[in-house]
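Rule-based calculations on the coordinates, nothing more; no lab input. In this text, all values refer to a predicted model and were calculated from it rather than measured experimentally. In this analysis, Cβ positions are derived from the backbone assuming ideal geometry, glycine residues included, and neighbour counts consider all displayed protein chains.
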Amino acid sequence: MSKQTEPCSVALDQHGYLLPGEHWSPAVARELAAQDGLLLTEQHWKVISALRNFHAQHSRVLNNRALVALLRDSGVLVGNVADQLKQLFNPVSPVSQIARVAGLPKSRSCFEYRSF
């Protein structure tokens with residue numbers, strides 16, 4: 001999943017997250033996902049919606065472990081939720097990519113994978 005360098009129709013910060021005041025939409029989500037080489041499926045949208053709904057209610061983004069519990073407990077994903085998230089999104093830090101595509105701020109527990 002290499003990032004493409006095509007310009008985005010909304011303003012992003014240095015890590016690719018929406019700047020405050022930018023408006024998220026499903027079209028923006030598809031654009032951000034495409035930059036990461038993702039084609040959003042129904043499963044992706046269910047996960048994105050669950051995280052956006054949680055953020056709307058609690059004003060925070062979950063870490064990976066808490067997101068797995070939320071998706072499992074709400075029935076959004078069943079079975080090995082952690083593995084499913086790694087297959088759907090960035091396997092290093094799924095919640096980081098989900099939050100970015102969902103137009104949410106980066107979780108404080110997220111980290112960016114960097115090769116040195």
Cβ under 15 Å from Val78's Cβ, Val78 left aside: what net charge do those residues give with Lys, Arg +1 and Asp, Glu -1? -1
Residue farthest toward the positive end of the dipole of region 26-101, with Cβ of Lys/Arg at +1 and Asp/Glu at -1: which of Val61, Gly79, His44? Val61
If you wrap region 26-101's Cα atoms in a convex hull and average its projection over all directions, what's the area in nm²? 4.6
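Report, in debye and to the nearest 20, how large the dipole of region 26-101 comes out about its Cα centre when Lys and Arg carry +1 and Asp and Glu carry -1 on their Cβ.
On the way: 8 positive and 5 negative charges, 36 e Å.
Dipole magnitude for region 26-101 comes out near 180 debye.
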Compute the distance in nm between two label points, each set 7 Å from the Cα along the Cα-to-Cβ direction, one at Glu31 and one at Ala82. 3.6
Once you put a point 7 Å from the Cα of Asn53 and another 7 Å from the Cα of Leu19, both along the Cβ direction, what distance in nm separates them? 3.2
Gap separating the Cα centres of region 7-46 and region 83-97, nearest whole Å: 15
